[in-house]
Amino acid sequence: MNVGLHSKQRLPATVLSITLFLLAFLLSLTGIFTRPLGALSLFWPVNAILLGLLLRKPAYATFVGWVAIYLGMVAADLTTAEGWSHALWLNACNMALIATGYVVMQLLPNAQRRLGKPQAILYMFTACLLGAAISATLSVLHDDTLYYNSVTVAWGAWFSEQFSTNLLILPVILSAPRLKQLLRIQIDWQWRISMPFLALLCSLVLSLYIGGPGAIAFPIPALLWCAVRYQLFSVTLLTLLTGVSEIISVSSNIMLYQTPGPDAAVLDSLMSARLGIAMLVMGPLILASSLVVNRKLLRKLEHSANHDFLTGALGRSAFIRKARELLQYKHQTKEAISVLLIDIDHFKLINDMYEHAIGDRVLANFSHILRRELRHDQLFGRLGGEEFAIMMPRALVTQAVALGEYLRKRVESADMNPAGKAPLRITISIGVASLAMTEEKSLEQLMNMADTALYRAKSQGHNRVESFNSISPNKVHRDMFR
């Protein structure tokens, strides 16, 4: 029994170590096979991907996790006939970059590591800069030429590649939505929305066609336009696309920064291009991150303007506006729609018997219960005082009455003042009015119908649900002119 329990406790660590080992092994193997013979990789994304993974999943950053990543990298080098000394040292350099970046980013609060503030972009820049510098220094300590003729060139080649690659890939991983959110993203190809992306593609083509030292800056205006129009994650993908395409263009002599010459001259151009591209992407990333903050602030202001502060329900004007929109949509689609008017029974007595703070607490708790039970497409608003309303799109009268009964029982059984010495319970009266698929009435008419049903529910003893659609015409006439 003890053995089984012990094995069960060790299983997560075992699975974690195997997963990280295989991930590091496969990523490293991919990078090695795309590396030119006798030179460093043009693009080595392994360190950035693993660093991003550890930052997104801090639970993976255990001693076992770090060791598994290192062994996976070493194993990949050994399968390609690299010597033990070479494999151990170079991958120690890679681990130094990952560890440095991880430590620097840990200085940020966890909520900011998703790059939602400009400060986080600067921390990420520092993490990439220090990590690339430390790993490049360690690499030349082992082999001062490292495929090249001088220690300066070797250091510069390692540093520029790792700095630019991490600065291009890491933002994508850190800002990426969770998988469920990613699957819900709908791409809208309207021309107005697609224009910044098309402008970026045109600028990249133009930079390839014209070439020269200034071509690297051609995409900047389009990237800034993208940063203004798109979400942060989309901007990081576009900066990655831009950076990779320009690095490949320079390395292939498609985008020439000087006349073709010896390999050293091409390498100098490539290092310069990498550093220039790394600096180039900072502007759009900082702008996009700043706009994330602004959009959050605007959403908060919009929420405050549209919602009742005490109850969290829509305010009267916001509810009426959104209800008109739903009703207009109903007339276009010929779908049923229903309205529920809800009144808390004898609420004035609660304020008289208790202090107003208790009355406010009752309103807040009542609203909280209803908001939890309603679907996201159902409107819920506070019309004033203790009167609330719900609009249900695509709902027949039977469905609206069923919801009303459920909410009535739910409220009746709930304690509206859990912090009090004794339970405080309330009841509600509900009036329901519905329009069938072919019926067309104004919002005022529909609300008056629900109000008539609500009056009937209250006049028959409260704590009831009444439907306007079930009231006889004579009774409707008397109630409407009461």
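Derivation of every value follows stated rules applied to the coordinates shown; laboratory data play no part. Since this is a predicted model, take the numbers as computed values, not measurements. Note that each Cβ is placed from the backbone with ideal geometry, even for glycine, and that neighbours are counted across all protein chains shown.
Could you work out the per residue convex hull volume over the alpha carbons of the chain, in cubic angstrom?
It comes to 212 Å³ per residue, whole-number rounded.
Among M449, M391, rank each residue by its count of other Cβ atoms within 10 Å, from fewest to most, as a rough exposure measure.
By the 10 Å Cβ count, ascending: M449, M391.
For segment 389-465 and segment 91-122, write down the distance between their C-alpha centroids in whole Å.
Cα centroid of segment 389-465 versus Cα centroid of segment 91-122: 52 Å apart.
Just from its helices, what would the mean residue ellipticity at 222 nm be for the chain, if runs of 4 or more DSSP H residues each count -39500 (n - 2.57) and the sum is divided by every residue, rounded to the nearest 500 deg cm²/dmol?
Working: 17 runs with 315 residues, N = 482.
Per the formula, -22000 deg cm²/dmol.
Percent of Cα-Cα pairs per 5 Å bin, from 0 to the last occupied bin, for segment 285-374, please list those.
Spelled out bin by bin, segment 285-374 gives 2, 10, 13, 16, 16, 14, 12, 8, 5, 2, 1, 0 percent.
Determine the alpha carbon to alpha carbon distance for each of K300/K330; K180/K300; K409/K458; K322/K348; K330/K458; K300/K322 and list only those over 20 Å.
Working: K300/K330 29 Å; K180/K300 24 Å; K409/K458 16 Å; K322/K348 29 Å; K330/K458 29 Å; K300/K322 18 Å.
Violating the 20 Å Cα-Cα cut-off are K300/K330; K180/K300; K322/K348; K330/K458.
What is the fewest-to-most order of R464, R425 by other Cβ atoms lying within 10 Å of their Cβ?
R425, R464
Please work out how much length the chain gains when fully extended from T398 to Q119, using 0.36 nm per residue of separation minus the C-alpha to C-alpha distance, in nm with one decimal.
95.0 nm
Would you be so kind as to identify all helices of the chain, as entire DSSP H runs, whose Cα atoms reach 18 Å or more along the helix's own axis and whose mean Kyte-Doolittle hydropathy is at least 0.5?
On the way: long enough: 2-33 (46 Å, 1.19); 63-78 (23 Å, 1.77); 84-105 (31 Å, 1.03); 118-142 (37 Å, 1.42); 151-175 (36 Å, 1.12); 191-210 (28 Å, 1.71); 232-251 (28 Å, 1.71); 263-306 (64 Å, 0.72); 316-333 (25 Å, -1.07); 356-373 (26 Å, -0.24); 397-412 (22 Å, -0.13); 443-459 (24 Å, -0.27).
Flagged H segments are 2-33, 63-78, 84-105, 118-142, 151-175, 191-210, 232-251, 263-306.
Give me the net charge of H462's neighbourhood, meaning all other residues with Cβ under 10 Å from the Cβ of H462; Lys, Arg count +1, Asp, Glu -1. Mind showing how you got there, number by number?
Working: positive: K458, R464; negative: D343, D345.
That works out to 0.
Rg to Rh ratio, segment 316-480, alpha-carbon atoms and Kirkwood radius?
Looking at segment 316-480, the ratio lands at 0.98.
For each of C93, C226, count neighbouring Cβ atoms within 10 Å of the residue's Cβ, then give the residues from fewest to most.
Exposure proxy ranking, most exposed first: C93, C226.
For the residue pair V293 and L71, what label-to-label distance in nm results when each label sits 7 Å from Cα along the Cα-to-beta-carbon direction?
Going from the V293 label point to the L71 one covers 4.4 nm.
For the ranges 284-293, 160-169, 354-363, what's the packing order if you count other beta-carbon atoms within 10 Å of each residue, average per peptide, and put the highest first?
160-169, 284-293, 354-363
For the peptides 376-386, 323-333, what is the packing order when you average, over each peptide's residues, the other Cβ atoms within 10 Å and list the highest mean first?
By packing density, highest mean first, the sequence is 376-386, 323-333.
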